[in-house]
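Enquirer: Sharing a structure with you now.
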Amino acid sequence: MKSILIIGMGRFGQHLCRNLAKLDNEIMIVDQEEDCLEDMLPYVVSAKIGDCTNETVLKSLGVANFDLCFVCIGTNFQSSLEITSMVKELGAKYVVSKANRDIHAKFLLRNGADEVIYPDRDIAENLAVRYSANHVFDYIELTDEFSIYEIPPLGKWVGKSLKDLDLRNHYDISILAIKGTDENETMDMMPKADYVVRENEHLMVIGRKKDIDKVLAMMG
């Protein structure tokens, strides 16, 4: 469990807050608009109305006491930059700022951000990969080289155990989980070597993109 400050309760900030709360983190949220905070109250330990471009407001938050500070200002880059810089100057341990463009990211990193995230760009890239391929149900990019894909099994894999398939040696990929296609989408994490692959299920595979692309090409 971590103590987390989220500045900016737009759509991304709210989604982030809900998901962090599910993982039992202690969260404080701040926004200029009271309406943006109301729906989030069940998920947080504290909420404050305030303009975080005002240094007095930021000082009152005790930013140095949080394990993580998220700056989720998406519509006003100048405000995002000012807040990022001041949060770091006030002793924030780790600052994660939201960016919409590469040039914004460069300025944020030079002015206090320890990390910059691009939620809109990342979603667009993932959707592009997912919908450009006929056999990709989901996609998570880990690095420029490695990714996780949710794919169906090749026909020749069905009815064989993972040990017999030896996917690591034959295809340079590894299976992280088996996802059922039933209503509950059951997930078998880290399946054992004797697991027998079935036709109507999805495989969560990790590997280099070029190697997984070769597997996808075999599916036609």
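The values are calculated or read from the model by the stated rules, or taken from the named source; none is laboratory data. Computed from a predicted structure; not experimentally measured. Please note: Cβ atoms are built from the backbone with ideal geometry, for glycine as well, and neighbour counts cover all protein chains shown.
Enquirer: Take the range 142-166 and flag every residue that is in a loop (DSSP other than H, G, I, E, B) and over 16 Å from LEU216 (Cα atoms).
Expert: Answer for the range 142-166, where residues must be in a loop (DSSP other than H, G, I, E, B) and over 16 Å from LEU216 (Cα atoms): LEU142, THR143, ASP144, GLU145, GLY159, LYS160, ASP166.
Enquirer: Here is a follow-up. Looking for something among the polar types (S, T, N, Q) and over 22 Å from the mean Cα position of the chain (by Cα) - is there at least one such residue anywhere in the range 4-20?
Expert: Within the range 4-20, not a single residue is among the polar types (S, T, N, Q) and over 22 Å from the mean Cα position of the chain (by Cα).
Enquirer: Being surrounded by fewer than 13 Cβ atoms within 10 Å (Cβ to Cβ) and either in the same structural domain as LYS98 (by TED's automatic domain parsing) or assigned to a loop (DSSP other than H, G, I, E, B) (or both) is true for just one of ASN169, ASN134. Which residue is that?
Expert: ASN134
Enquirer: Restricting to the range 13-30, name every residue that is of a type in the set (A, V, I, L, M, F, W, C) and surrounded by fewer than 19 Cβ atoms within 10 Å (Cβ to Cβ).
Expert: Within the range 13-30, ALA21, LEU23 qualify.
Enquirer: Mind listing whichever residues of the range 68-121 are touching a Phe, Trp or Tyr at 6+ places or on another chain (Cβ under 8 Å), within 19 Å of MET28 (Cβ to Cβ) and surrounded by fewer than 19 Cβ atoms within 10 Å (Cβ to Cβ)?
Expert: Hits for the range 68-121 are LYS93, ASP114.
Enquirer: Confirm whether ALA177 is in the same structural domain as ILE206 (by TED's automatic domain parsing) and either assigned to a helix (DSSP H, G or I) or of a type in the set (Phe, Trp, Tyr) (or both). Even if it seems obvious, please write down each step before you answer.
Expert: Working: in the same structural domain as ILE206 (by TED's automatic domain parsing): yes; either assigned to a helix (DSSP H, G or I) or of a type in the set (Phe, Trp, Tyr) (or both): no.
The answer is no for ALA177.
Enquirer: Can you name every one of the helices (runs of 4 or more DSSP H) wholly within the range 1-103 that holds 2 or more residues which are touching a Ser or Thr at 6+ places or on another chain (Cβ under 7 Å)?
Expert: The qualifying helices (runs of 4 or more DSSP H) are 77-89.
Enquirer: While we're on this one: So, in the range 1-52, how many residues would count as being in contact with a Gly (Cβ under 8 Å, 6 or more places away or on another chain) and at positive phi?
Expert: Final tally of qualifying residues: 1.
Enquirer: I've got another one for you. Please find, among ALA113, ALA193, the residue that is touching a residue at least 40 places away in the same chain (Cβ under 8 Å) and part of a loop (DSSP other than H, G, I, E, B).
Expert: Values: ALA193 fails: touching a residue at least 40 places away in the same chain (Cβ under 8 Å).
Within the list ALA113, ALA193, the selection yields ALA113.
Enquirer: Which ones in the range 31-60 are more than 26 Å from the chain's Cα centre (by Cα), within 17 Å of GLY91 (Cβ to Cβ) and either aliphatic (A, V, I, L, M) or crowded, with 17+ Cβ neighbours inside 10 Å (or both)?
Expert: VAL57, LEU58
Enquirer: List, please: which pairs have Cβ atoms under 6 Å, are six or more places apart or on different chains, and start with a residue in the range 15-39 that is over 19 Å from LEU58 (Cα atoms) and end with one that is modelled with pLDDT under 95 and surrounded by fewer than 12 Cβ atoms within 10 Å (Cβ to Cβ)?
Expert: ASP24/MET1; ASN25/MET1
Enquirer: Can you confirm whether PHE70 is touching a residue at least 60 places away in the same chain (Cβ under 8 Å) and not acidic (Asp, Glu)?
Expert: yes
Enquirer: Also, I was wondering about something else. Looking at this structure, is LYS88 basic (Lys, Arg), modelled with pLDDT of 90 or more and more than 23 Å from THR56 (Cβ to Cβ)? First the steps, then the outcome.
Expert: Details: basic (Lys, Arg): yes; modelled with pLDDT of 90 or more: yes; more than 23 Å from THR56 (Cβ to Cβ): no.
No; evaluated as a whole, the condition is false for this residue.
Enquirer: A further question follows. Just one of the numbered conditions (1) on the phi > 0 side of the Ramachandran plot; (2) in a helix (DSSP H, G or I) is not true of ASP122; which one?
Expert: (1)
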